[in-house]
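Only one structure is covered here, and it is reproduced in the block below.
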């Protein structure tokens, strides 16, 4: 049973992607898997707004959830991230508030 749980945990860790964003949605950190999926370089993603990586039909949903996440209200949403190949993939997304060096940020986890 424990081996199965460890294998599942490893699989979920490998499948997850994440961003660290500020209250305006500007990307301050990004996981390596995001770079691989989007085909973008870290320096080109950092400082951009996360909505710029989303398909048009989910930008408003993301902005609304971003506002709620800052209030501490967390609920999963589905968003579509666009790659440089102009295709997209749907991810279940959770936004979690945290503090780093006295700065409030959001961890956006995609699965």
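The values are calculated or read from the model by the stated rules, or taken from the named source; none is laboratory data. These numbers were taken from a predicted model, which means no experiment stands behind them. In this analysis, Cβ positions are derived from the backbone assuming ideal geometry, glycine residues included, and neighbour counts consider all displayed protein chains.
Structure summary
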{"read-out": "Among (1) surrounded by 17 or more Cβ atoms within 10 Å (Cβ to Cβ); (2) at negative phi - the single one residue 41 does not satisfy", "value": "(1)"}
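Yes/no matrix, rows are residues, columns are (1) surrounded by 11 or more Cβ atoms within 10 Å (Cβ to Cβ); (2) at pLDDT below 90; (3) not in a helix (DSSP H, G or I):
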site	(1), (2), (3)
13	no, yes, no
47	no, no, yes
52	yes, no, no
64	yes, no, no
